[in-house]
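Comments concern the structure below.
What follows draws every value from the coordinates through simple rules; no lab data is involved. All values derive from a computational prediction rather than experimental measurement. Glycine gets a Cβ as well: all are built from the backbone with ideal geometry, and neighbour counts include every protein chain shown.
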């Protein structure tokens, strides 16, 4: 697998994805309501076969999908990514029954998934989560899947994408107090489970984000993803796969901002000429392009390393997310500056990107956390 270049088939596929995003997905995205799951858009992703590709896709393929969609329609990219993030633990760690029950609906776009890890007091420090799973021998999962007792989940999850409108949640809870990362278990929790409620959060990002309240929600052994006490591994394996693709999302946004800037500065007249003829402008655009390409190559390299099973995937994934998200913030901001006031008008592409680009520097491990991971990997080698 080439690390620093794509083969013709991959390049053609990316072009096809961009065309599909423009023709089929963006019109549906424009009809969606900010802060809510756009189910027609998710269904279209399923009809086009893109959601099905999430299961079995390598990290590089996932990156190409996310970058291509983000360049044209960030809403479609995010809907695809959230389906993958919420359902990947089921695909990778679920029982045959769990996979059979939930994955066909996710792949078809009729079932919405969510990844419920963050809490009010445990965002970047995922090992500090406090959602409590109290042993409850008299209760199973509520659906007859448990023969030998289960747990009751009590506590809160916060900043959960697709909440509270998802159909099921991959939930991480503490089954062993005072055990740190070793005391966490992953559960598959349907949204209609008694005691589970949620509310939307009014966030800067346009995609749905909410909080979840667990008031003695019953779960049993049949709801466990992987093994009891091994939930932190489920979470980290999922994040290691998706972190480079968060970088790909960022690269797609950076490229969209760069494309818009090239078009604008080539046509916009000012000071007796076009903007591109001003050295201050052309050098700024050159810097934007160089940083975008550097981020893209690092993302591809990290994805290829993941697919090859390289031992340094954790550090590479952190580097890719770090550089790509910080680069996208810089490129979008510079694009806004070069466009002037028109870029701040509600509905302008760059106004949209300016709101979208900020969150990836925080979610799935903030920039500061990525630097910590990178440093630990460097000193451990």
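Between residue 381 and residue 278, the contour length at 0.36 nm per residue exceeds the Cα-Cα span by 32.4 nm. Under a Gaussian network description of the chain, with springs only between Cα atoms under 10 Å, the residue in 22, 341, 302 that fluctuates furthest is 341. What is the list of residues in the stretch 285-324 whose amide nitrogen lies under 18 Å from a point 7 angstrom out from the Cα of residue 371, following Cα to Cβ? Answer for this model: 315-324.
Just need the Rg to Rh number for the chain, please, alpha carbons only, Kirkwood Rh. Display every interim value, and only then the final one.
Values: Rg = 21.3 Å, Rh = 21.4 Å.
Radius of gyration over Kirkwood radius for the chain works out to 1.00.
Can you tell me the orientation of helix 8-20 relative to the chain, as the angle in degrees between its alpha-carbon axis and the longest Cα principal axis, to the nearest 10? In the chain, helix 8-20 runs at an angle near 80 degrees to the longest axis. The length gained by stretching the chain between residue 290 and residue 362 to full extension, at 0.36 nm per residue less their Cα-Cα distance, is 23.6 nm. Each of residue 156 and residue 7 was given a label point 7 Å from its Cα along the Cα-to-Cβ line. The distance between the two points is 5.1 nm. Per the helix-only calculation at 222 nm, which mean residue ellipticity applies to the chain, given -39500 (n - 2.57) for every DSSP H run of n ≥ 4 and division by its residues, nearest 500 deg cm²/dmol? So the helix-based figure for the chain works out to -17000 deg cm²/dmol. For the pair residue 33 and residue 233 in one chain, pulling the backbone fully straight at 0.36 nm per residue adds 68.5 nm over the alpha carbon distance.
For the pair residue 108 and residue 47, label points projected 7 Å from Cα toward Cβ lie 1.4 nm apart. Projecting label points 7 angstrom from Cα along Cα→Cβ for residue 215 and residue 312 puts them 5.2 nm apart.
Using a Gaussian network model of the chain with C-alpha springs under 10 Å, which one of 191, 108, 310 is most mobile by mean-square fluctuation? Ranking 191, 108, 310 by mean-square fluctuation puts 310 first.
What angle do you read, to the nearest 10 degrees and between 0 and 90, between the alpha-carbon axis of helix 59-72 and the longest principal axis of the chain? Tilt relative to the chain: about 50 degrees. Taking the fewest neighbouring Cβ atoms within 10 Å as the starting point, the ordered list for 259, 7, 136 is 7, 259, 136. Roughly how many Å is it from the Cα centre of the stretch 1-49 to that of the stretch 91-114, as a whole number? About 21 Å separates the Cα centre of the stretch 1-49 from the one of the stretch 91-114.
Classify the stretch 200-259: rounded, prolate or oblate, from the alpha-carbon gyration tensor (a ≥ b ≥ c, eigenvalue square roots; a/c under 1.5 rounded; otherwise prolate if a/b is larger than b/c)?
Numbers: a/c = 4.83, a/b = 1.64, b/c = 2.94.
Oblate.
Among 224, 281, 357, the largest mean-square fluctuation in a Gaussian network model of the chain, built with springs joining Cα atoms closer than 10 Å, belongs to 281.
Using the reciprocal of the averaged 1/r over all distinct C-alpha pairs, how large is the Kirkwood radius of the stretch 8-108 in Å? Mind showing how you got there, number by number?
Values: mean 1/r = 0.0723 Å⁻¹.
After inverting the mean inverse Cα-Cα distance, the result is 13.8 Å.
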